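Only the coordinates and a few stated rules stand behind these numbers; no lab work does. Please read these numbers as outputs of a predicted model, since none were measured by experiment. For neighbour counting, all protein chains shown are included, and Cβ atoms are generated from backbone atoms with ideal geometry for every residue, glycine included.
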Amino acid sequence: MAGSLNKVLLIGRLGADPEIKQMVNGKSVARLSLATSQSWKDKTTGEKKEKTEWHRIVVFNEGLVNVVQQYLKKGAQIYIEGQLSTRKWKDEKTGQDKYSTEILIQGYNSSLTMLGGSSQNNISSQDTNQNIESNNPANQNDLDDDIPF
């Protein structure tokens, strides 16, 4: 394969207030629970059906974390661009290996746009010019918790 692309685009609503945590390196990280839904009419019954998918969004960029903390609350509609990432961690209670699939917002190929309201705010990772150290596995261990959200 000559090249590859890892890009996720989602529009959804927050299922809970953002969670802001401090990592061991002193930087902040934001975790979001984003719901995307699709609805359709059942052909046989005519009944309206809906399916909701939940996505874990992790924001490592300091500038975006500050925006998330200040402006986003449960129910807010957002558009995100990020990268899919699966990480392995050990459950402290059982000692079993667990896996978490997340959408990372970090680096220059990520953005978060707040939708709705009178003004739309588009903040991308490149706008903040921060040095991101989130590729270090030591930083990722701070996010260990039970799945789903």
**Asked** Which value in nm describes the separation of the simple spin-label points at Leu5 and Thr101, placed 7 Å from the Cα toward the beta carbon?
**Response** 1.9 nm
**Prompt:** Simple spin-label model, 7 Å along Cα-to-Cβ: Arg87 to Lys74 in nm?
**Reply:** 2.5 nm
**Item:** Across Lys49/Lys74; Lys27/Lys74; Lys21/Lys51; Lys7/Lys43, pairs whose alpha-carbon gap is larger than 25 Å
**Value:** Lys21/Lys51; Lys7/Lys43
**Coil-residue trypsin sites (Lys or Arg not before Pro) of segment 18-118, DSSP, other Cβ within 10 Å capped at 14** = Lys43, Lys73, Lys74, Lys93
**Request:** Using only the Cα atoms of segment 1-82, build the gyration tensor, take square roots of its eigenvalues as a ≥ b ≥ c, and label the shape rounded, prolate or oblate: rounded if a/c is under 1.5, else prolate if a/b is larger than b/c, else oblate.
**Result:** oblate
**Asked** If the chain between Asp17 and Asn109 were fully stretched, how many nm would it gain, using 0.36 nm times the residue separation less the Cα-Cα distance?
**Response** 30.7 nm
**Message:** Please list, by residue number, every one of the GluC sites (Glu not before Pro) in segment 4-113 that is coil in DSSP and has at most 13 other beta-carbon atoms within 10 Å.
**Reply:** Glu47, Glu92
